[in-house]
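One structure below.
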Amino acid sequence: MPSVIIAALSMAVIFLAARTYMSGLSEPSSAQRESYRLGTVVRLTVWGADKALLDRALDDSMAEITRLESLLSVNIATSDVSKINANSGRVVAVSPETKEVVALAIKNAEKTNGAFDPTIGSLVRLWGIGTKNARVPSDSEIDAARALVDYRRVFLYEKGGKSYVAVGRGQSLDLGGIAKGWIADRIDALLKERGVKSAIVDLGGNIYALGESPKGREWKLGLQHPQKPRGEYFAVVDAVDISVVTSGAYERYFEKDGVRYHHILDPSTGRPAQSDLISVSVVSKKSADADALCTALFVMGLDRSAVFLKRHPDIQAVLVKGGNNAVFITPDLKGCFELTDGTMALEVLK
Amino acid sequence: MKRCLRKGDFILSVLFVILLAVWLFMRSADTGSDELSADIIQDGKVIRSIKLKPGMPPQEFTVERDGGWNRIRVEGEMIAVVDANCPDKYCVRRGWLKEAGSSVVCAPHRLEIRISGKSGVDGVTY
């Protein structure tokens, strides 16, 4: 009889101890906020021991995203970017944040020799891809809009502690190719400042993986499969304190007379990029760079991208070629990249 | 002789207990993770959650917001937007969602459908 009691008691103790240990170990509390911002779904998820701290950090992050969107969005009439565009050819006083993003955009435009160009606004508006005004413009319309795309005509300076930006007459800034990444970097910094050690910042598929997973390992980030519904991936990247951004022709497009027109415009032709790539992902400590560069690599196509990546060994990328779905990765991704679609072939770039 | 038996008895019961505890623990740690469900999210809030189970009768319903509507159909373990009055009908073209982590967004109507359940990754970039 005593052995039965001892048995029952020890069972209860072992069971409870194991549960408590495991829940303390693998299940810290988490909190999440989701909203429509930046023209997409923004989802922030944080993990940690202090639920109140997590909630405060999330509320502040969402407020910061809303504030930055109100400065950088072309779709908000009172934004800095709208003011710059409405006053093209003249100097406009802007917030320091706007100047910082424009400066970073210009830097990436120079680095990619214009394959990424933040003055692409005139072409984006003309094509209207992703809006109800989407259409195929005439050649003369395209030529006229293309003539306005030139990042070298953007001018910025600081005076008396104030920031100023000017674009050339008729030019139109569109920071859509970098703003989400730049905001992800800001949110990463804000969350860290608030003591958050583990978070996934997902700004419409631009992901910043902060710290490591609450499971005590690196984050596993899937790369969207170019031919499958959203959420289905072809490869997994292991990430710790790193951002992964993907660009693909599958994401936004319209069809006219059997031709598909996707949303990644080539600044040099004024038309959707005739790329041999169907998906590009860039892995970087800075989400803003990842954002701008994945658009640029898509526009460049495989051969030019391979040359560019060789010249910039600090940039890590995953390229998927159309037709045969061949996957190319930069050498440093070996060891933290796993191809999960068995029908695709993997090649490491030299 | 009697003492010996009692000792063996004790060791056996402790062993049995440990095994039972481990089994119970494994069971309880594993509950509720394999079942798929679809969350219908409007303006960032879950307005409806639907269990996706094989063999369930198909159902269709409409979600509205400021004059915009999306017709959603559920068949067994799949869910899709089958019609909508948004300009690009991007959500309709997405087709059927089947796997945990999959989602479709109708940005003009601020609507998202996401399948939750056990996913192999912590996030998917697109």
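Every read-out reported here was derived from the displayed coordinates using simple, explicitly stated rules and does not represent laboratory data. These figures come from a predicted structure and were not determined experimentally. Counting neighbours? That spans all protein chains shown, and the Cβs are built from the backbone with ideal geometry, glycine included.
Quick notes on this one:
- Sorted fewest first by neighbouring Cβ atoms within 10 angstrom, A:LEU319, B:LEU19 come out as B:LEU19, A:LEU319.
- Kyte-Doolittle mean at least 0.0, axial Cα span of 15 Å or more - DSSP H helices of chain A: A:2-26, A:51-72, A:287-311
- Peptide A:64-72 has a mean shielding of 0, counted as Cβ atoms of other protein chains within 10 Å of each residue's Cβ.
- C-alpha long axis of helix B:2-29 to longest principal axis of chain B, angle in °: 10
- Number of partner chain Cβ atoms within 10 Å, mean per residue of B:12-18: 5
- Among A:LEU126, A:THR112, A:VAL136 - extreme Cα towards positive end, dipole of segment A:75-173, charges at beta-carbon: A:LEU126
- Here is the tail figure for the protein assembly as shown: Cα pairs spaced more than 40 Å apart come to 27 percent of all pairs.
- Springs between Cα atoms under 10 Å define the GNM used for chain B, and in it the highest mean-square fluctuation of B:LEU97, B:LEU20, B:LEU111 occurs at B:LEU20.
- Placing +1 on the Cβ of every Lys and Arg and -1 on the Cβ of every Asp and Glu, with no other charges, gives chain B a dipole of roughly 740 debye about its Cα centre.
- Rounded Å value of the spacing that divides the Cα centres of segment B:85-104 and segment A:114-167: 30
- Over 22 Å [Cα-Cα, chain B], rounded percent: 50
- Candidates A:VAL245, A:VAL299, A:VAL165: whichever shows maximal mean-square fluctuation once chain A is modelled as a Gaussian network with Cα springs under 10 Å: A:VAL165
- Ascending count of other beta-carbon atoms within 10 Å, so fewest first, for B:ARG114, A:ARG146, A:ARG217, A:ARG33: A:ARG217, A:ARG33, A:ARG146, B:ARG114
- Pairs beyond 23 Å (Cα-Cα), from A:LYS228/A:LYS350; A:LYS159/A:LYS285; A:LYS51/B:LYS98; A:LYS99/A:LYS180; A:LYS228/A:LYS285; A:LYS111/A:LYS162: A:LYS228/A:LYS350; A:LYS159/A:LYS285; A:LYS51/B:LYS98; A:LYS228/A:LYS285; A:LYS111/A:LYS162
- All other residues whose Cβ lies under 10 angstrom from that of B:ASP88 are scored, Lys and Arg at +1 and Asp and Glu at -1, for a net of +4.
- 222 nm mean residue ellipticity, helices alone, for chain A (DSSP H n ≥ 4; -39,500 (n - 2.57); rounded to 500): -12000 deg cm²/dmol
- Taking other C-beta atoms within 10 Å as the exposure proxy, B:TYR126, B:TYR90 rank B:TYR90, B:TYR126 from fewest upward.
- Counted charge near A:GLY248, where neighbours are those whose Cβ lies closer than 12 Å (Asp, Glu -1; Lys, Arg +1): +2
- Rounded to the nearest 20, the size of the Cβ-charge dipole of segment A:221-298 about its Cα centre is 140 debye, with Lys and Arg at +1 and Asp and Glu at -1.
- Considering only the protein assembly as shown, percent of DSSP beta bridges that pair antiparallel, nearest 5: 95
- Each Lys or Arg adds one and each Asp or Glu takes one away; over the other residues whose Cβ falls under 10 Å from the Cβ of B:HIS109, this sums to -2.
- More than 18 Å apart - percent of Cα-Cα pairs taken over segment A:290-340: 28
- Dipole magnitude for segment A:218-348: about 260 debye, using +1 per Lys or Arg Cβ and -1 per Asp or Glu Cβ, origin at the Cα centre.
- For chain A, built as a Gaussian network whose Cα springs stay under 10 Å, the top-fluctuating residue of A:LYS180, A:LYS286, A:LYS334: A:LYS334
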